[in-house]
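To keep things clear, I will list the structure first and then write my remarks on it.
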Amino acid sequence: QVQLGESGGGLVQAGGSLRLSCAASGRAFSSYAMGWFRQAPGKERVFVAAISRRGSSTGYADSVKGRFTISRDNAKNTVNLQMNNLKSEDTAVYYCAASPANYGGSYSSNYDYWGQGTQVTVSS
C-alpha cells in the first residue's frame, strides 16, 4: 500500500506556471506507475498525465500536451507535474494516483491509490 500527498497548488494568472508535487510513502515507490488527474467544478475527474515505473514512458491528455511535463524521482519518492502557460480551463483539483501496472495510462480504474488533491486556480 502507498500513501500519496499532493502539494504546490495555488492561484496563478493565465500564462503563468505552477509545479505540483506528489510525495509517496509506504511500499516501494518504484513499484508503481503514477498519474495525474484533475476534476473541475461540476465535471468528472479526467486524465492529465502518466508516467511509467522507471519514468521511461509518459503520456498526456491532448489538452495539456506541450504545456505540462510529468516527471518522477524514485530516490525521493516523488512525482511532479510542471504546468506552463496555464489557462483558465486548467482550473481544477489535481490528484496524483498510483497504479501497480508498469504504466497506468489514462483510465482511472487502473489506479488503486489516490491523494487528497490540491487546488489549482487560474485567473484570466
Practice item. Using only alpha carbon positions, build the gyration tensor of segment 75-124, then give the equivalent ellipsoid semi-axes as the square roots of 5 times its eigenvalues, largest first, whole angstrom. Key: 24, 13, 11
**Study point:** Bridge type composition, the chain - antiparallel percent by DSSP, nearest 5
**Key:** 90
Review point. If you average 1/r over every pair of different alpha-carbon atoms in segment 1-86 and take one over that average, what Kirkwood value in Å do you get?
Key: 13.5
Practice item. Take the alpha carbon atoms of segment 40-88, find their radius of gyration, then divide it by 2.2 N^0.38 Å using N residues; give the quotient. Key: 1.26
Revision key, fill the gap. For ALA23 and LYS65, extending 7 Å from Cα along the Cα-Cβ vector and measuring point to point gives, in nm, a value of 3.5
Practice item. Note down the nm distance, to one decimal, between modelled labels 7 Å out along Cα→Cβ at SER30 and at SER123. Key: 4.4
**Study point:** For segment 41-124, alpha-carbon Rg over 2.2 N^0.38 Å
**Key:** 1.08
**Study point:** Estimated translational D of segment 8-52 in µm²/s (Stokes, Kirkwood radius over Cα pairs; 25 °C; 0.890 mPa s)
**Key:** 188
Point to revise | Contour excess over end-to-end distance, with Cα ends at SER56 and GLN116 and 0.36 nm allotted per residue | key: 19.0 nm
Point to revise | Magnitude of the charge dipole, the chain, Cβ model with Lys/Arg +1 and Asp/Glu -1, debye to 20 | key: 220
Check your understanding: GNM, the chain, Cα, under 10 Å: largest mean-square fluctuation among LEU20, LEU11, LEU86?
Key -> LEU11
Revision key, fill the gap. Using a 1.4 Å probe on heavy atoms of the protein chains only, the accessible area for THR58 in Å², nearest 10, reads 70
Revision key, fill the gap. With all protein chains in place and a 1.4 Å probe, ASP112 shows an accessible area in Å² (nearest 10) of 90
Study note, to complete from the structure: With the dipole of the chain defined by +1 on each Lys or Arg Cβ and -1 on each Asp or Glu Cβ, the option from PHE37, SER56, SER123 whose Cα lies farthest towards the positive pole is SER56
Revision key, fill the gap. In whole Hz, the Karplus estimates of ³J(HN,Hα) for segment 34-41 (6.51, -1.76, 1.60; θ = phi - 60°; x where Gly or Pro) are 10, x, 10, 10, 9, 9, 8, x
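The values are calculated or read from the model by the stated rules, or taken from the named source; none is laboratory data. Just so we're clear, the structure is a prediction, and the values are computed from it rather than from any experiment. Reconstructed Cβ throughout: ideal geometry from the backbone, glycine too, with neighbour counts over all protein chains shown. Remember, those area values only see protein heavy atoms, side chains included, never the ligands or the DNA or RNA. Shrake-Rupley method; radii C 1.70, N 1.55, O 1.52, S 1.80 Å.
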